[in-house]
1. Take the Cα of residue 159, step 7 Å along the line toward its Cβ, and report every residue of the range 15-47 whose backbone nitrogen sits under 18 Å from that point.
2. When the accessible area of the chain is computed with all protein chains present and a 1.4 Å probe, what percentage of it is carbon and sulfur?
3. For residue 203, what accessible surface area do you get with a 1.4 Å probe? Give it in Å², rounded to 10.
4. Residue 262: net charge of surrounding residues, Cβ under 12 Å, Lys/Arg +1, Asp/Glu -1, itself excluded?
5. Return the loop-located trypsin sites (Lys or Arg not before Pro) in the range 22-118 (DSSP other than H, G, I, E, B) with at most 16 other Cβ atoms within 10 Å of their own Cβ; answer none if there are none.
6. Subtract the Cα-Cα distance of residue 121 and residue 92 from 0.36 nm times their separation in residues, and report this length gain in nm to one decimal.
7. If I stretch the segment between residue 294 and residue 81 completely, what's the gain in nm (0.36 nm per residue apart, minus their alpha carbon distance), one decimal?
8. So what's the chain giving for Cα Rg divided by 2.2 N^0.38 Å, two decimals?
Amino acid sequence: MQATAIAQPNIALIKYWGKRDVERNLPAVGSISITLCALYTEVNVELVADLPGDVLLVNGVENQPMLPRVSACLDRVLGEKRAFARVASDSNFPIAAGLASSASAFAAMTVAAAAAANLSYTSEALARLAGATSGSAARSLFGGYAELSNSGDTINVSSLCEPESWPLEVVVAITEPGPKPTSSTVAMELSRQTSPFYDRWVLQQEHDLDVARAAILKRDFAQLATIAEHNCLKMHSVMWASRPPMVFWNAATMRCLQTVRRLQGEGCNVFFTIDAGPQVKAVCLPAEVERVRLALANTPGVQKIMTSSLGSAARLVNAA
Ligand code: DP6
């Protein structure tokens, strides 16, 4: 009655920001992401008959604040009459810092919990379950390029393109490894309620999705770069105009954007994207990765660099 699964975080190129149904965690907008391969979360779920309650260990340390969300995730996968579980989650990158650790953690937890109880679900059904806990987690059930749609009555994710079909690289510039002040869940709800730009954001998303999907399908880097940067900056504009304003960037975040702009000016195929945190993700063609890595590493304020190719879907490691 235990199982271990691994999932990789995914980075949205067209962002999910806002919910149309908070209760069911249905997104207000569709999103398109790439799953990374170098960053991962490994989750072990052990169902124990005589445990008095669920227990969560994050990187070896007991964690109470995250426990209600984990228990709710287990309830969704296993039903509320389940045995309590000991859950151990280990990530090889900073957590809660805008690097999509909740996406990889809840994707892996969903796969591990189902396997520990010997339940078999399709990837689509696992994505639906993971996405009900954290929207972005649904996309980590798929490798390469994935699209999370906002239509219909449930969470729907589909694969757009396998990683080997268009092997982009991602350079992550970590400017502040500590946890971010506001969770995405809280921040996006605040945006929906208070930002004067929120409605326009939702209205324009279909267009951005169409442009990005077409760019991916024809492997058009310039088209993907332009629409991904535009979509990212729009999401941050929605946040900046919320009350209270949410500015996740720091001075080094801005310097990284300037580095990317300089590289682009020199003809380098690279673009940036930023999530609800101060880290900058630079997406580039494989031939440019060393140049982008060096330029970002030499940008003042960058504390750590991680590079990654595109990765595969969440998967089971063992079950017994
Ligand atoms: C900025 O998936 O963390 O990374 O569904 O409330 O758990 P919840 O939100 P979450 O939000 C991710 C926001 C984002 C953009 C994205 O990944 O699409």
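1. The answer is 32-38, whose backbone nitrogens lie closer than 18 Å to the label point.
2. Values: 7130 of 12870 Å².
The nonpolar share, carbon plus sulfur, comes to 55 percent.
3. Surface open to solvent at residue 203 totals about 130 Å².
4. On the way: positive: 255, 261, 291; negative: 266.
Its environment carries a net charge of +2.
5. Numbers: sites: 24, 69, 76, 81, 82, 86; in loops: 24, 81, 82.
Taking the range 22-118 and a limit of 16 other Cβ atoms within 10 Å, the loop trypsin sites (Lys or Arg not before Pro) found are 24, 81, 82.
6. 7.7 nm
7. On the way: separation 213, 0.36 × 213 = 76.68 nm, distance 5.27 nm.
My answer for the length gained is 71.4 nm.
8. Numbers: Rg = 18.8 Å, N = 320, 2.2 N^0.38 = 19.7 Å.
My calculation over the Cα atoms of the chain gives 0.96.
The values are calculated or read from the model by the stated rules, or taken from the named source; none is laboratory data. In this text, all values refer to a predicted model and were calculated from it rather than measured experimentally. A quick note on method: Cβ atoms are made from the backbone with ideal geometry, for glycine too, and the neighbour counts reach across all protein chains shown. Side chains are part of the model used for accessible areas, which takes the heavy atoms of the whole protein and leaves out ligands, DNA and RNA. Shrake-Rupley method; radii C 1.70, N 1.55, O 1.52, S 1.80 Å.
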